[in-house]
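What follows is a single structure, written as structure tokens, with notes after it.
Every read-out reported here was derived from the displayed coordinates using simple, explicitly stated rules and does not represent laboratory data. Quick caveat, the model's predicted, so the values are computed rather than measured. Because the Cβ atoms are built from the backbone with ideal geometry, glycine has one as well, and the counts that use them run over all protein chains shown.
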Amino acid sequence: MTAGGTCGYADEYADFVDLRTLGAFVTKSITAEPRAGNEYQRVIETRAGMLNAIGLANVGLEAFLAEKVPILEKLRLPVFVNVAGTTVDDYVKVAAALDEVHVVRGVELNISCPNVKAGGIEFGTDPRQAKLITGEVRKACRKNILIVKLSPNVTDIAAMAAAAIDAGADAISMINTLKAMAIDVEKRRPILANVTGGLSGPAIRPIAVRMVHEVYTKVARPAGVPIIGMGGIQYANDALEFLLAGATGLAIGTAMFIDPGCIVSIRDGIADYLRRHGHGSVTEIIGALET
Ligand SMILES: Cc1cc2nc3c(=O)[nH]c(=O)nc-3n(C[C@H](O)[C@H](O)[C@H](O)COP(=O)(O)O)c2cc1C
């Protein structure tokens with residue numbers, strides 16, 4: 001799958017790669033109202049990754065339904081819409097509207113956003129907030145699959161996964177970006193206008209793999225809930241690490257900026273590994289880590 005926010009609304013990538021190589025397309029975060037996002041500079045390259053503070057810039061629910069859904073319909077892929085907000089009502093409004101859209105198979109809740117009505121605590125850093133938002137959105141998802149996307153900016157990622165699963169998540173996706181910062185030493189100023197941003201790309205992969213392993217063994221496997229793993233996947237070997245750690249699905253984000261064709265080489269590399277190791281199906285290696 002594409003990682004939410006890294007491939008826009010799909011048409012941006014159509015000239016570079018056949019998106020039908022993917023198992024599913026995940027949109028950028030959609031909010032109830034349009035958002036311009038943060039001031040520039042909002043993206044910088046770092047060693048082995050990138051730092052972004054886009055600020056959830058998006059067209060908003062109404063324009064998404066009118067202008068972007070027709071594009072997504074042409075993809076002939078399952079579509080998941082990443083949903084963000086600053087209040088529970090915002091999330092519920094967007095999720096309820098998406099439940100009426102035929103091409104949308106599910107929503108991915110971006111809970112890495114502050115709840116303004118709860119004093120700005122991020123939904124994704126407090127298990128009670130995560131449970132609340134998941135439970136309320138669950139009621140609005142009657143046909144749609146509900147994926148909850150975890151923030152890695154916590155001390156106990158398994159507790160966050162447990163909260164989301166208890167409240168009815170069908171799947172967990174992980175990880176979102178790590179809160180980080182870069183400084184221009186000559187100007188003695190933060191490089192990002194927002195001061196901090198989210199770190200993604202190869203630099204975060206070992207952290208993401210560790211977190212997937214932890215959530216899989218402690219919570220997801222016992223509950224029978226699948227994990228969609230992401231964070232720095234660029235080559236087939238990276239993807240295989242996530243599968244062995246317990247991920248059932250895989251999403252690619254930052255690597256798409258370097259080489260949109262990586263989705264083809266990752267898919268082919270996994271198939272080659274399965275052949276070499278005598279497996280008939282990818283399901284045989286999910287969580288097959290020997291410890
Ligand atoms: C430029 C950029 C924009 C992103 N926008 C979103 C977003 O709108 N919603 C979201 O849930 N995650 C967003 N993410 C996080 C990614 O979906 C993903 O969780 C993270 O980047 C780790 O995967 P990667 O290392 O393969 O990029 C964004 C990441 C990047 C680099």
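Some points to look at:
- When the charge dipole of the chain is built from unit charges on Cβ atoms (+1 for Lys and Arg, -1 for Asp and Glu) and taken about the Cα centre, the candidate among Ile121, Ile175, Gly55 whose Cα reaches farthest toward its positive end is Ile121.
- Residues considered: Ala84, Ala14, Ala220. Largest GNM mean-square fluctuation over the chain, using C-alpha springs under 10 Å, is found at Ala14.
- For the stretch 1-75, relative contact order (Cα pairs under 8 Å, six or more residues apart, normalised by length) works out to 32 percent.
- Annotation: amide H of Gly249 within the under-5 Å range of Ile227, Ile228, Gly229, sequence separation 5 or more or interchain, hydrogens built in the peptide plane.
- Its Cα centre serving as origin, the chain has a Cβ charge dipole (Lys and Arg +1, Asp and Glu -1) of approximately 360 debye.
- Gain in span if fully extended, Thr155 to Glu290, counting 0.36 nm per residue against the direct Cα distance: 46.1 nm
- For the stretch 135-291, a/c is not less than 1.5, where a ≥ b ≥ c are the root eigenvalues of the C-alpha gyration tensor, and a/b does not top b/c. That puts it in the oblate class.
- Taking amide H positions as modeled 1.01 Å from N, with prolines and chain starts lacking one, the residues under 5 Å from Ala3 and 5 or more places away or on another chain are Ile252, Gly253.
- Among beta bridges that DSSP assigns inside the stretch 162-291, antiparallel share in %, nearest 5: 55
- Simple rule: put +1 on each Lys or Arg Cβ and -1 on each Asp or Glu Cβ in the chain, find the dipole, and look at Gly198, Ile266, Gly287; the Cα lying farthest toward the positive end is Gly287.
- Cα gyration tensor, the stretch 23-86 - rounded (a/c under 1.5), prolate or oblate: oblate
- Note on Val185 and Tyr235: their simple-model spin labels are 3.0 nm apart, each label 7 Å out from Cα toward Cβ.
- Listed residues Glu241, Glu45, Glu12, most fluctuating in the chain (Gaussian network, C-alpha, under 10 Å): Glu12
- Cut-off under 5 Å, modelled amide H: who pairs with Thr46 long-range: Leu51
- For the stretch 1-136, the normalised intensity computed at q = 0.09, 0.10, 0.16 Å⁻¹ comes to -0.28, -0.34, -0.87 (log10 of I(q)/I(0), Debye sum over alpha carbons, equal scatterers, no solvent).
- Scanning the chain for chymotrypsin sites (Phe, Trp or Tyr not before Pro) that sit in a DSSP loop and have at most 12 other Cβ atoms within 10 Å, the longest stretch containing none of them is 41-291.
- Largest mean-square fluctuation among Met181, Met211, Met230, in a Gaussian network model of the chain whose springs join Cα atoms under 10 Å apart, belongs to Met181.
- Taking the DSSP bridge list for the stretch 1-94 and keeping only pairs wholly inside it, about 60 percent are antiparallel.
- Listed by chain and number, the lysines placed with their C-alpha closer than 27 angstrom to that of Lys187 are Lys179; residues fewer than eight positions away on the same chain are left out.
- Surface/4 of the Cα convex hull for the chain, nm²: 15.2
- 17 Å Cα-Cα reach of Lys117 towards lysines, excluding residues that sit fewer than 8 places from it in its own chain: Lys93, Lys131
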